[in-house]
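Q: First the structure, which I've put down as structure tokens, then a few questions once you've had a look.
The values are calculated or read from the model by the stated rules, or taken from the named source; none is laboratory data. As the structure is a computational prediction, the values presented were derived from the model and not from experiment. For neighbour counting, all protein chains shown are included, and Cβ atoms are generated from backbone atoms with ideal geometry for every residue, glycine included. For accessibility, only protein heavy atoms count, side chains too; no ligands or nucleic acids. Shrake-Rupley method; radii C 1.70, N 1.55, O 1.52, S 1.80 Å.
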Amino acid sequence: MPSLVDPVIERVLVDFERRAEEEQRRAIGPGTNLDELLLSVGREAGMLIYLLASGAHSRRILELGTSYGYSTVWLASAEPPL
């Protein structure tokens, strides 16, 4: 599947996804601090966020994130260049 975003941004997203996959493979048991894990929306939701944000032609985007910035990267890449 071709990427929607710039190759540099794609590498950042792939790095985030790789770390999230590694963390999901770890056994989550008693004492696991979920705040230290990457809990992203995933690639499919990220692409939807990108398409919705780019299709809206908004001049401003506000994201109130709760994890490490995965969806922020998708939103930022949807902004047209200045």
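Q: Could you tell me the calculated FRET efficiency between residue 44 and residue 79, based on Cβ-Cβ distance and R0 = 25 angstrom, to the nearest 0.05?
A: Working: r = 21 Å, r/R0 = 0.83.
Efficiency for this residue pair is about 0.75.
Q: I want the local charge near residue 17. Using Cβ-Cβ distances under 15 Å, sum +1 for each Lys or Arg and -1 for each Asp or Glu among the other residues.
A: -1
Q: Another question, then. Where does the chain land on the Kirkwood hydrodynamic radius, alpha-carbon pairs, in angstrom? All intermediate terms of the calculation are to be shown ahead of the outcome.
A: Numbers: mean 1/r = 0.0720 Å⁻¹.
Taking the inverse mean of 1/r over all distinct Cα pairs, the chain comes out at 13.9 Å.
Q: Now a separate question. For residue 32, what charge total do you get from the other residues with a beta carbon under 11 Å from its beta carbon, if Lys and Arg give +1 and Asp and Glu give -1?
A: Values: positive: 26; negative: 23, 35, 36.
Summing Lys and Arg as +1 and Asp and Glu as -1 gives -2.
Q: Next up: Any chance you could give the angle, 0 to 90 degrees and rounded to 10, that helix 7-25 forms with the longest Cα principal axis of the chain?
A: Approximately 20 degrees, to the nearest ten.
Q: Another question about this same structure. Quick one: net charge of residue 53's neighbours, Cβ under 11 Å, K/R +1, D/E -1? Present the calculation step by step, with values, prior to reporting the outcome.
A: On the way: positive: 60; negative: 63, 79.
Charge balance near residue 53 sits at -1.
Q: Evaluate the charge dipole of the chain about its Cα centre and quote only its size in Debye, nearest 20, assuming +1 on the Cβ of each Lys and Arg and -1 on the Cβ of each Asp and Glu.
A: Numbers: 8 positive and 12 negative charges, 27 e Å.
Dipole size: approximately 120 debye.
Q: 5 Å is the cut-off here: which amide hydrogens, built 1.01 Å from N in the peptide plane, fall below it relative to residue 58, excluding neighbours closer than 5 in sequence?
A: Sorted by chain and number, the residues that satisfy this come to none at all.
Q: Return one whole number: the accessible area per residue of the chain in Å², for a 1.4 Å probe.
A: On the way: 6240 Å² over 82 residues.
With the other protein chains kept in place, the chain gives 76 Å² per residue.
Q: Could I ask something else about it? Could you work out what % of the accessible surface of the chain is carbon and sulfur, using a 1.4 angstrom probe and leaving DNA, RNA and ligands out of the count? Could the numbers behind the result be given before it?
A: Details: 3620 of 6240 Å².
About 58 percent, which is the carbon plus sulfur part of the accessible surface.
Q: What angle do you read, to the nearest 10 degrees and between 0 and 90, between the alpha-carbon axis of helix 43-56 and the longest principal axis of the chain?
A: 20 degrees
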